[in-house]
Every structure is written in structure tokens, then in C-alpha cells.
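Presented below is the structure to which this report refers.
The values are calculated or read from the model by the stated rules, or taken from the named source; none is laboratory data. Worth saying up front: this structure is predicted, and the values here are computed from it rather than measured. Counting neighbours? That spans all protein chains shown, and the Cβs are built from the backbone with ideal geometry, glycine included.
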Protein chains: 2
Amino acid sequence: MDRIALVGGGLIGQAWAIVFGRAGYEVRLFDADPAVLEQARRNIAARLDDLASLGLLEDGADALDRVRYAATLGEALASADYVQESTPERVEVKRALFEELDRFAAPDAILASSTSGIPASSFTEGLAGRQRCLVAHPINPPFVTPLVEICPAPWTDSAVVDRTHALMLAVGQAPIRLRREIQGFVANRMQGALIGAALRMVKDGVVDAEDIDVAIRHGIGLRWSFMGPFETIDLNAPGGIADYLRRYGQLYQAIEHELATPLDWSDEALIAKVEGQRRARLRAPRLGERSVWRDRRLMALAAHKRRAADDFGE
Amino acid sequence: MDRIALVGGGLIGQAWAIVFGRAGYEVRLFDADPAVLEQARRNIAARLDDLASLGLLEDGADALDRVRYAATLGEALASADYVQESTPERVEVKRALFEELDRFAAPDAILASSTSGIPASSFTEGLAGRQRCLVAHPINPPFVTPLVEICPAPWTDSAVVDRTHALMLAVGQAPIRLRREIQGFVANRMQGALIGAALRMVKDGVVDAEDIDVAIRHGIGLRWSFMGPFETIDLNAPGGIADYLRRYGQLYQAIEHELATPLDWSDEALIAKVEGQRRARLRAPRLGERSVWRDRRLMALAAHKRRAADDFGE
């Protein structure tokens with residue numbers, strides 16, 4: 001597989017273009033809105049410059065040259081081996097689009113969706129080529145956040161999962177394979193559980209939103225950024241993870257019991273409270289520039305992790 | 001406050017000695033077991049060398065010189081302004097010890113516990129000086145993980161909380177203040193929620209333990225290491241956190257509904273499963289050397305964050 005079609009030119013599609021382009025693949029990016037494509041062209045060039053300036057890319061010009069922009073869906077799909085869809089998160093949009101993709105893509109091309117929350121089974125069931133459809137969910141932005149969650153529908157061919165996994169490794173991502181569909185896939189399920197616990201503490205007035213962020217970014221988030229949660233607890237008891245779970249399982253069980261009280265995620269008073277606490281830290285007009293800052297911090301972190309892995313192993 | 005007594009010479013007490021010693025405070029470390037103190041002396045010197053070699057410490061010899069070892073509890077407490085207890089996590093141990101601390105420490109000294117799971121109210125209630133007792137819970141190891149959770153008992157004097165908070169800032173830690181006692185404090189509550197979600201997926205065979213760690217260390221753990229979870233989602237929807245919660249709240253609500261099914265944390269079959277998957281990655285005899293690696297990675301990350309904060313702001 002060396003020809004990639006990207007459908008949807010928003011932030012996720014742009015980021016995929018960088019991932020595939022820098023890895024040497026020929027990319028065709030399509031969006032139904034020419035203005036989106038024009039914006040994509042500018043953003044991709046700017047991000048490639050950022051990556052090069054932080055030493056994360058040897059030849060940004062080559063990568064830029066490999067990303068082409070298609071005027072029609074057909075042009076993007078022509079001879080593509082792998083299609084990555086990154087359009088709005090609405091099941092009816094994906095259902096209509098995947099019908100087109102299945103009709104016009106080459107017969108053995110893989111059709112992958114970037115969806116973060118819609119299982120492939122809900123928009124591919126009726127397709128003749130449903131066995132070649134699956135989810136390959138990136139974390140924004142994937143050119144500095146390598147995780148890709150590969151989640152097949154019940155009818156996805158296992159060879160399609162294998163090939164997608166191999167492709168993601170080949171372009172430098174960190175793929176994981178889910179054995180079956182679950183809501184929110186893996187990462188957002190953990191994020192949701194953590195944020196749910198955090199929201200309850202803010203709602204109850206135990207701490208404010210900023211305390212939550214401090215607790216993670218100056219606390220357990222540090223270890224998680226290079227070890228993950230299981231390796232973390234594996235090193236936090238003399239006898240490893242089993243020892244840890246036997247020592248602290250009862251405490252966590254008690255906490256879970258408290259967290260089992262339902263939280264209403266649509267509670268507008270709670271939403272207003274966290275919104276107010278966040279806006280006191282960062283005014284709304286600055287959200288955009290802060291996102292650029294985040295991407296640059298992620299790039300710097302990626303460069304650091306590369307050095308640290310060389311120095312200390314990973 | 002400039003004289004610190006540390007009671008308990010294990011890994012946490014040693015780490016506190018580094019935190020206070022490098023910040024210019026006079027430290028007296030006591031442990032009832034002379035062999036523990038001797039080990040502490042060696043470990044503290046080794047860690048100070050590591051910190052200096054990674055550019056995190058200007059004068060390790062000065063810091064080392066400020067850490068003294070007390071032969072008796074009384075000697076450690078003599079003229080201390082602040083006492084930090086780091087002994088085993090058993091409420092009866094802490095109750096007996098705090099009675100001694102309250103009797104022998106200077107009348108206005110603060111008595112803080114490093115406990116990660118026992119609220120101060122459960123071992124200080126009967127003390128004459130209970131208003132000067134509280135929890136100051138570090139994350140291991142605190143010389144590279146700055147979070148300190150300050151959690152008062154219902155009877156803790158708010159001036160004691162203020163002074164502890166100021167002291168932690170003065171020694172370069174990142175303190176947060178809880179307004180009331182909750183089980184597990186803040187960080188471990190979030191860690192517990194995340195690990196609970198992860199254990200369910202491993203139990204159900206959706207993914208293996210290593211996939212969980214990849215999903216965090218190559219995924220959402222990256223952003224959390226410098227932003228925290230609320231700032232992360234604040235930047236993940238065009239209109240900020242309120243917009244994010246309105247877009248994705250329903251998905252997270254559905255996930256929470258599934259997570260509400262109780263998990264038995266003492267399930268030995270589940271413990272054996274994650275233990276087996278971890279031991280396939282890291283054999284038990286290597287846990288110790290991996291902990292040293294973790295500390296060095298944390299030091300390198302701290303050095304990186306310091307540089308990145310200069311380059312891009314934090």
C-alpha cells in the first residue's frame with residue numbers, strides 16, 4: 001500500500017496528510033468545500049515547518065510535495081490502496097459517504113474511518129464491501145500523538161485489520177487492535193472515566209478545575225506520558241502489579257462505589273461551573289492560539305521522548 | 001519555617017529529604033531502624049547525583065550537607081517547624097506516632113502525613129494539637145513529581161493549611177488544596193477511575209494490558225503531562241469545554257452507564273491475567289532496575305518541561 005486517499009480536509013484530515021506524506025506515501029486529499037482544501041494547504045505547510053524546526057522531520061519540502069489536493073472524490077480515490085475518512089461525526093454522513101467509497105474505490109482498497117465515537121458496524125452493514133471497512137481512530141493531532149485505535153466491525157476481514165495495523169506501524173504510528181467494538185473505543189473510555197471522577201469533585205466543590213489539571217500535569221500525568229497506567233502501578237508496589245492491586249484494591253473499590261452515583265453529563269449548572277473556571281484561566285478568544293501552543297508543546301515532547309528513548313531506553 | 005523533621009526513612013522520606021534539602025532547608029531524618037537510615041543516606045546521595053547530572057540541581061553537595069540523620073525521634077523533632085511523617089500505611093501506626101509527634105514537637109510546629117489513603121481525621125481526632133495536623137500527600141517520587149495534595153481534617157486550622165501550602169510552593173512543589181476529606185484524595189481518585197475502566201477492558205478481552213499502556217503513553221497521556229484533562233478537552237472543541245461537554249457528554253454518559261457495572265478489584269483471576277501480561281513484558285527481578293529507569297525518565301521529563309516552559313510558556 002503506497003497510495004493514500006484522505007476524505008475530509010479539516011484538522012484531522014490535514015494531520016493524516018502530514019503523517020502519510022512525511023512517511024513517503026503519495027497522498028490525495030479531498031474535501032467537498034474548496035475553501036477547506038485551501039485552508040488545509042496552508043495549515044499543512046505551516047505544521048511541516050514547525051515539525052522541521054523542532055527536528056522532527058528531515059525534509060519538509062519532500063513531504064509537502066507528496067500531498068496533492070483532489071478536485072473530486074473520484075480523483076482522490078483513483079488507484080488508492082487505503083482510504084481514510086475524516087468527516088463530521090454524524091452517522092448518516094458516514095453511511096452515505098461509505099456507500100460512495102465502497103462503490104468507487106478500487107476493489108481491494110481498505111476503507112477506514114477516523115471516527116472517535118461511531119462504531120463501523122453502524123455505517124457499513126449494508127455495503128457489498130463491508131469486510132474491508134473498519135475504524136482507525138487517531139488522537140488529535142496524529143502527527144505528534146501516535147496512538148491509532150484499530151477497531152473492526154463484526155464483519156471486518158482480519159486481513160484488513162492486519163494490513164491496517166502494518167500500515168500504521170510503517171508510518172510511525174502506535175496502533176492498538178480492539179478485539180471487538182465498544183463505545184468510545186479504548187482511550188476515550190479511560191478519558192471519560194477520569195473526567196467523570198474529576199467532574200464530580202468539581203461539582204461537589206472539593207477542588208476547582210485548575211486543581212484537577214495540576215493534579216494530572218504535575219502529578220500522575222507525568223508517568224503516564226512514557227509508561228502508561230499499568231506499568232505505573234506495576235512499579236508502585238515491591239511485588240509488582242498483583243501486589244499493588246492486593247494492597248490498594250480495597251481503596252479503589254471504595255472509590256468506585258462512590259463514583260457509581262450517576263453523574264448527569266448534561267447538567268448545565270455543572271457545565272457552567274467548569275466553563276467559568278476554565279475561562280478564568282484562558283479567555284475564549286485565546287483558545288485558537290492555545291491550540292497552536294499545544295501542538296508545539298506536543299512536538300517538543302515528541303522530540304524529548306525520542307531523545308530520552310535513546311538515552312535511557314523505552 | 002526553615003527546619004524540617006522527616007519521620008520515616010523509606011523511599012518517600014528519602015525523597016522528601018531531597019525536596020527540602022535542595023531548597024535550602026535544614027532537614028533531620030529519623031527512622032526507628034538504623035539500617036533503613038543507612039540505606040537512606042546512600043540513596044539520597046545517589047539521587048542527588050542523578051539530579052545534578054541531568055541539570056536539575058546546581059549544588060548537590062550543599063543539599064546533601066543539609067540532610068542530617070537523627071538517632072532519636074526527639075532529636076529529629078527538636079526545634080522543627082514542620083514535621084512530615086512517611087511511615088507504613090496503617091492507621092494504628094499513624095495514630096500512635098501522631099500522639100508522640102503532638103507531645104514532643106514544638107507547640108506551633110505543623111504535623112503533616114504523607115499518607116495516600118488514610119484521612120487525617122482518622123488518626124488525629126483525640127489529639128490536643130489536632131488543629132495543626134493534616135495530610136500533605138506527595139506523588140512518588142516528589143523530587144521530580146511536584147504535585148502535593150493538601151487535605152485538612154475537619155478540625156485543621158486554616159492557617160496551618162495556608163502555611164503548608166506556602167511551604168510547598170517555596171520548595172518548588174505544586175500543591176493543591178482539598179476543601180474537605182475524600183477517599184483517595186484527588187489524584188488517586190482519577191487514577192482509580194481510569195484503571196477501573198482499563199481493568200474492565202482487559203477482563204473482557206477487548207485489549208491486553210500493553211494496549212492500555214500504549215493508548216495512554218502514546219495517546220492521551222502526552223497532553224495530560226503538560227495540560228491536564230480539563231485544559232485538554234477545553235482545546236478539543238471549537239467553543240471550549242462547554243462546547244465539548246455538550247458534544248460528547250452523551251457518549252461519556254453511555255460509557256459511564258456501562259462502567260457502573262461493579263468490578264471486583266479482588267478478583268484473583270483478573271489479577272493473575274494482568275500480572276501475567278505485565279510479567280511477559282517485564283520479568284519480576286527487573287522491577288527494581290525499571291524503577292530506577294522510571295526516576296531517571298521523570299528527571300529527564302522534568303528537565304524537558306523546564307526548557308519547554310521557557311521556550312513556549314506554560
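If I go through segment B:262-271 residue by residue, how many of them are without any contact (Cβ under 8 Å) to a residue 12 or more places away in the chain and either under 14 Å from residue A:195 (Cα atoms) or in a loop (DSSP other than H, G, I, E, B) (or both)?
Keep residues of segment B:262-271 that are without any contact (Cβ under 8 Å) to a residue 12 or more places away in the chain, which gives B:262, B:264, B:266, B:268-269, B:271.
Pick out the ones that are also either under 14 Å from residue A:195 (Cα atoms) or in a loop (DSSP other than H, G, I, E, B) (or both) and you get B:262, B:264, B:266.
Total satisfying the criteria: 3.
For segment A:161-198, a tally of residues being in a helix (DSSP H, G or I) and of a type in the set (A, V, I, L, M, F, W, C) returns 13.
If the condition is being of a type outside the set (Gly, Ala, Ser) and buried (at least 24 other Cβ atoms within 10 Å of the Cβ), then segment A:116-133 contributes A:123, A:124, A:132, A:133. Within segment A:130-151, the set of residues being within 12 Å of chain B (Cβ to nearest Cβ) and in contact with a Ser or Thr (Cβ under 8 Å, 6 or more places away or on another chain) comprises A:137, A:138, A:139, A:150. Applying the criterion of being among the aromatic types (Phe, Trp, Tyr) and within 30 Å of residue A:309 (Cβ to Cβ) to the residues of segment A:198-254, the residue that is farthest from the other protein chains (Cβ to nearest Cβ) is A:244.
Which of the following residues is among the hydroxyl-bearing types (Ser, Thr, Tyr) and either more than 9 Å from every other protein chain (Cβ to nearest Cβ) or free of Cβ contacts under 8 Å to residues at least 60 places away in the same chain (or both): B:158, B:116? Full working, then the answer.
Working: B:116 fails: either more than 9 Å from every other protein chain (Cβ to nearest Cβ) or free of Cβ contacts under 8 Å to residues at least 60 places away in the same chain (or both).
Answer to the check: B:158.
For (1) surrounded by fewer than 18 Cβ atoms within 10 Å (Cβ to Cβ); (2) more than 7 Å from every other protein chain (Cβ to nearest Cβ); (3) not charged (D, E, K, R), each residue gets a yes or a no:
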| site | (1), (2), (3) |
| --- | --- |
| B:267 | yes, yes, no |
| B:287 | no, no, yes |
| B:302 | no, yes, yes |
| B:314 | yes, yes, no |
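Across segment B:221-237, the number of residues qualifying as part of a helix (DSSP H, G or I) and more than 21 Å from the chain's Cα centre (by Cα) comes to 4.
Please state which one of B:206, B:202 is buried (at least 16 other Cβ atoms within 10 Å of the Cβ) and not in a helix (DSSP H, G or I). Please lay out each step first, then the result.
Values: B:202 fails: not in a helix (DSSP H, G or I).
After applying the criteria, what remains is B:206.
In this structure, does residue A:194 turn out to be buried (at least 19 other Cβ atoms within 10 Å of the Cβ), more than 27 Å from the chain's Cα centre (by Cα) and within 7 Å of chain B (Cβ to nearest Cβ)? No. Every condition in (1) assigned to a helix (DSSP H, G or I); (2) more than 7 Å from chain A (Cβ to nearest Cβ) is met by residue B:274 except one, and the failing one is (2).
Checking each residue in segment A:48-65 for being crowded, with 16+ Cβ neighbours inside 10 Å and either over 15 Å from residue A:299 (Cβ atoms) or in contact with a strand residue (DSSP E or B) (Cβ under 7 Å, 6 or more places away or on another chain) (or both) picks out only A:64. Which condition breaks for residue B:292 when tested against (1) more than 7 Å from chain A (Cβ to nearest Cβ); (2) more than 21 Å from residue A:221 (Cα to Cα)? Of the numbered conditions (1) more than 7 Å from chain A (Cβ to nearest Cβ); (2) more than 21 Å from residue A:221 (Cα to Cα), the odd one out for residue B:292 is (2). For segment A:145-160, the criterion of being in a loop (DSSP other than H, G, I, E, B), within 15 Å of the chain's Cα centre (by Cα), more than 19 Å from residue A:94 (Cβ to Cβ) and assigned by TED's automatic domain parsing to the domain that holds residue A:94 is met by at least one residue.
In segment B:119-138, the count of residues that are of a type outside the set (Phe, Trp, Tyr), in contact with a Phe, Trp or Tyr (Cβ under 7 Å, 6 or more places away or on another chain) and over 30 Å from residue A:254 (Cα atoms) is zero.
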